[in-house]
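Comments concern the structure below.
The values are calculated or read from the model by the stated rules, or taken from the named source; none is laboratory data. Since the structure is predicted, the reported quantities are computational estimates derived from the model, not experimental observations. FYI the Cβ positions are ideal-geometry reconstructions off the backbone, even for glycines, and counts take in every protein chain you see.
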Amino acid sequence: MLSKTSVVDLVTKNDHAGTYELVLVVDGPDWLLADCHPLLQDKLNNYLCYIIDGQMQKEYPDASVDRVEILIQSDHTPPQPTATFIARLITAAENHGVRVRYSPL
C-alpha cells in the first residue's frame with residue numbers, strides 16, 4: 001500500500017538461493033494519486049534505509065545488502081510518466097548496491 005510509506009509490505013526469503021525480497025505493493029488506483037511520485041519515493045527510501053542501515057539484518061541475521069532485492073508489484077500497469085520515474089528510482093537504488101525491479105502481479 002503506497003500511502004503507508006513507513007511500512008515494509010512483505011518480506012520473503014528464497015531458502016534455496018539464500019536471498020530476500022522486500023515486496024512493495026502498489027494498488028492500481030494508487031498510480032493515479034496526485035502525490036504518487038513523492039509517496040513512491042518515500043516508500044522506496046524507507047525500504048533502502050531498512051536494508052542499508054542494518055535494521056533488516058537485526059530482524060533477519062542472514063540478510064546482507066548483496067542478497068536483498070526490492071520488488072515493486074502492482075495489479076495495474078503504471079502510467080508512462082510513473083514508469084519513467086520508477087526507472088530513475090531503480091537506478092538510484094542500484095547506486096546504493098540494492099537491486100530493484102518492477103513486476104506486475
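A few comments on the model shown:
- Test: residue in region 40-50 that is at pLDDT 90 or above, among the polar types (S, T, N, Q), surrounded by fewer than 19 Cβ atoms within 10 Å (Cβ to Cβ) and touching a helix residue (DSSP H, G or I) at 6+ places or on another chain (Cβ under 7 Å): yes
- Odd one out for Tyr102, checked against (1) under 20 Å from Ser6 (Cβ atoms); (2) buried (at least 18 other Cβ atoms within 10 Å of the Cβ); (3) within 13 Å of the chain's Cα centre (by Cα): (1)
- Each residue in region 54-86 was checked for being in contact (Cβ under 8 Å) with a residue 24 or more places away in the chain, surrounded by 12 or more Cβ atoms within 10 Å (Cβ to Cβ) and within 16 Å of Gly18 (Cβ to Cβ), and 7 pass.
- Leading residue by the ranking (modelled with the highest pLDDT) among those in region 57-68 that are under 15 Å from Arg99 (Cα atoms) and in contact with a strand residue (DSSP E or B) (Cβ under 8 Å, 6 or more places away or on another chain): Val68
- Looking across region 8-22, the residues that are more than 12 Å from Leu48 (Cα to Cα) and not charged (D, E, K, R) come down to Leu10, Val11, Thr12, Asn14, His16, Ala17, Gly18, Thr19, Tyr20.
- Reported count of residues in region 22-36, each being assigned to a helix (DSSP H, G or I) and surrounded by fewer than 16 Cβ atoms within 10 Å (Cβ to Cβ), is 3.
- Going through (1) more than 19 Å from Asp42 (Cβ to Cβ); (2) assigned to a loop (DSSP other than H, G, I, E, B); (3) of a type outside the set (Val, Ile, Thr) one by one, Pro78 falls short only on (1).
- Asp15 vs. criteria over 15 Å from Tyr60 (Cα atoms) and either in contact (Cβ under 8 Å) with a residue 60 or more places away in the chain or surrounded by fewer than 16 Cβ atoms within 10 Å (Cβ to Cβ) (or both): no
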